[in-house]
Structure formats: C-alpha cells, structure tokens
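Note sheet for the following structure.
The values are calculated or read from the model by the stated rules, or taken from the named source; none is laboratory data. Just so it is clear, the structure is predicted and the values come from calculations on it, not from any experiment. When we count neighbours, we look across all protein chains shown, and the Cβ atoms used for this are built from the backbone with ideal geometry, even at glycine.
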Amino acid sequence: MTESEFQEFLITVGYRYNAKAKSAFNSFEGFHTIIFLNNEENRYALSMGAQCNEISLLNEKLRNFALANKSFVTKAVYKEKKIRISVKMTVDSEIDREHLKETTKFVLELCKSEILTPICSACSRNRKTGLYVIGRELVPVCDSCISRKRRQYEKRKNMFIKKKQNMPAGLMGAVFGASLGTMLYMILYQWNPLFGIWGGAVAALSFAGFVVTGKRATKKSGVICVALSFLIFAAGEYMANVAKTAIYIENEGGGIAVSEAIYQTNTFLSDGDYMKTMILDLAIGLAAMILVGIVYFLKRKYTRPLKISKNVL
C-alpha cells in the first residue's frame, strides 16, 4: 500500500494523516489514537496511551475482541499504559476498510467506557494533551512536558551547533583508529586466518578516532570512515599474509627474508583456494564494517536533538 493509498484508506473512518510522522491520528475526549502502517509486514497498528482503572476487565475486552476478529486482528494488548491493536491487510480494499471500521469502533467504545483515563505520554498524568511530532513520531504530550522538551531541544541544539567539525583532524583520527585496529587484526591473523569479523572493530576504532579528533560526526564522515577502514583493512590483510609466510619460511630454516615472503605471497595469490580465503576475510570484514556504520548512524540520529513540531490538532 502506497502512502497516498493509505491516506485515502484512512479518510473512510475520519482519521487525519501526518506526512512528517507517516502516521494518522484521531482524537476523542482527550484520547489520541494513532495508526502506523507497516508495509513490510503488510499490516497496521492502532496505538493509544491510557491509564487503566480495571486492568483485568480491559484485558478481557481486548482478548474477546481479538478472538472474535482473529481473521484480521493479530494482537490486542495493554502494556506499559498503552493499548496496541495490530491488524492484517488483505488484497481487497473494501474488506480492509470494514476491518478498520470495526477496530476503530471498538477503540471508540473503550474511550467511552469508564475504565480508561487519557494521559500524557511523558509524565503519565491525566492532563490536557496535544499531539506533537517529535523527531518522526506522533506523541501526545501535555503543555508542561512539551515546554520542558522544547527547552531541552534548544539546549542540545545550541550545543550541537557550537561543536564544529574539524575534517582534517577527524581524518587523521580515523586513519589512526583504523590502523590500530588493523595492527591488532594482523596479530590475531597469525593464529586464525578467518578473523575477518574483526573488521567491525577496525571500523569502530576508526569512528571513535574521527569523533575524538574531528569533534562532530556526520553521515559523510560515516561513509569516509567505512571506506578508510576497508582500504587499511585490505592492506593489513595482505601484510598479515606476508607476515604469516615469513614466519613459515623462518620456521623451515630459511631465515627472515621479507622480499622472499612477499614473492611467495604473490605466488600464493594466483592459487584459487588461497585467494578465496583472502576474499572471504575481506567480505566478512566489509560486512562487519557496514553493520558498525549502520549502528553508528542510528546512534548519531537518536543522540541529535529531535525536532518538535507545533500541535497538529
């Protein structure tokens, strides 16, 4: 289901769509129901924050609703002061609309009952709340909590702006970190050739070096660190093979001969099995680096100040 189709789908039950949060919402007497679409799993979920006065009764209502509509309801739970109902999509839009109408009707009945009290998602108190997009998420928050969040946002934003990036110093730090990690890899390689997973540690040290010396991280610096890490790691892989060959020659009584070790290593590279082992190491190392890069980006994304919109109601 595309974004435009999702919007049209929601109009039938009176929900409003917010493009920034890519979700829809509806409000009733202080309760805010939010619908999130999950295209990958072909389902959507209705979420509503509330304080329950009779948890056993609410759980029974949710369980009965899920059982009565098990053809399309996959989950209906109350956990951590939040009701969440997951609904499967079908290939028939008319049937999907009926399912959504049934689910929203049930949620509305819960709002009208006396077992639930609307709450602020930040302080969990029964206060008048508005709906704000914080980052990319729709959140019901009261006036005092949103004021505090705005102050925190401004403070973190100012700190972030003051922290200017020093790219040359950051690159030096990244190279140093990647080189340190690669040196450790070269030592480990002498005991276990298939240690490519260490590439993740090489990338992590590269990122750490960039942040310490460059002061401020960006998406561009993340790509640079992965590229530098891989180049240095690849060079380290070759040198580790040369070192292993040199040790082998010395153990065979040939003495220490670096030039001979380089020559023998280059000869080995023409062997298919030997080359496959080396490529496997590099492939595992690159995969580990990319994984560390994704984690680095996500951490950077969530540690940056999250923008707060105006009340969307």
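Among the candidates GLY209, GLY196, which residue alone is closer than 22 Å to LEU180 by Cα, within 28 Å of the chain's Cα centre (by Cα), surrounded by 17 or more Cβ atoms within 10 Å (Cβ to Cβ) and at pLDDT below 85? Spell out the reasoning first.
Numbers: GLY209 fails: at pLDDT below 85.
Going through GLY209, GLY196 in turn, the sole match is GLY196.
Looking at LEU180, is it of a type outside the set (Phe, Trp, Tyr), free of Cβ contacts under 8 Å to residues at least 24 places away in the same chain, outside the structural domain of SER23 (by TED's automatic domain parsing) and surrounded by fewer than 18 Cβ atoms within 10 Å (Cβ to Cβ)?
For LEU180, the condition - of a type outside the set (Phe, Trp, Tyr), free of Cβ contacts under 8 Å to residues at least 24 places away in the same chain, outside the structural domain of SER23 (by TED's automatic domain parsing) and surrounded by fewer than 18 Cβ atoms within 10 Å (Cβ to Cβ) - is not met.
Which of (1) of a type outside the set (Ser, Thr, Tyr); (2) out of contact with any helix residue (DSSP H, G or I) (no Cβ under 6 Å at 6 or more places or on another chain); (3) modelled with pLDDT of 80 or more; (4) closer than 21 Å to ALA261 by Cβ is the odd one out, the single condition MET186 does not satisfy?
Unmet for MET186, out of (1) of a type outside the set (Ser, Thr, Tyr); (2) out of contact with any helix residue (DSSP H, G or I) (no Cβ under 6 Å at 6 or more places or on another chain); (3) modelled with pLDDT of 80 or more; (4) closer than 21 Å to ALA261 by Cβ: (2).
Looking at segment 245-265, can you tell me whether even one residue there is closer than 25 Å to GLY293 by Cβ, out of contact with any Cys (no Cβ under 6 Å at 6 or more places or on another chain), modelled with pLDDT under 85 and assigned by TED's automatic domain parsing to the domain that holds PHE297?
no
GLU80 versus (1) under 23 Å from the mean Cα position of the chain (by Cα); (2) in a strand (DSSP E or B): which is the lone unmet condition?
(2)
Can you tell me how many residues in segment 67-99 are under 25 Å from ILE119 (Cα atoms), out of contact with any strand residue (DSSP E or B) (no Cβ under 7 Å at 6 or more places or on another chain) and touching a residue at least 24 places away in the same chain (Cβ under 8 Å)?
Number of matching residues: 0.
Here's the yes/no breakdown for (1) at pLDDT 90 or above; (2) loosely packed, with under 14 Cβ neighbours inside 10 Å:
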site: ASN38; (1), (2): no, yes
site: GLU41; (1), (2): no, yes
site: MET48; (1), (2): yes, no
site: ASN59; (1), (2): yes, no
site: LYS105; (1), (2): yes, yes
site: GLU114; (1), (2): no, yes
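In this structure, is SER124 out of contact with any Phe, Trp or Tyr (no Cβ under 8 Å at 6 or more places or on another chain) and on the phi > 0 side of the Ramachandran plot?
Here the answer is yes, as SER124 does meet what is asked.
If GLY14 passes every condition in (1) at pLDDT 90 or above; (2) under 29 Å from CYS142 (Cα atoms) but one, which one does it miss?
(1)
Do you know which of the residues in segment 109-146 that are in a helix (DSSP H, G or I) and within 31 Å of the chain's Cα centre (by Cα) is nearest to LYS81 (Cα to Cα)?
CYS145
Determine, yes or no, whether VAL242 is modelled with pLDDT of 75 or more, in the same structural domain as ALA178 (by TED's automatic domain parsing) and either under 19 Å from the mean Cα position of the chain (by Cα) or not β-branched (Val, Ile, Thr) (or both).
Against the criterion (modelled with pLDDT of 75 or more, in the same structural domain as ALA178 (by TED's automatic domain parsing) and either under 19 Å from the mean Cα position of the chain (by Cα) or not β-branched (Val, Ile, Thr) (or both)), VAL242 does not qualify.
Having 2 or more residues that are in the same structural domain as ILE95 (by TED's automatic domain parsing), touching a strand residue (DSSP E or B) at 6+ places or on another chain (Cβ under 8 Å) and under 22 Å from THR117 (Cβ atoms) is the bar; report the strands (runs of 3 or more DSSP E) wholly within segment 1-63 that clear it.
Qualifying strands (runs of 3 or more DSSP E): 23-28, 31-38, 43-52.
Taking the condition of being under 30 Å from the mean Cα position of the chain (by Cα) and surrounded by 13 or more Cβ atoms within 10 Å (Cβ to Cβ), how many residues in segment 91-101 meet it?
Within segment 91-101, residues that are under 30 Å from the mean Cα position of the chain (by Cα) and surrounded by 13 or more Cβ atoms within 10 Å (Cβ to Cβ) number 2.
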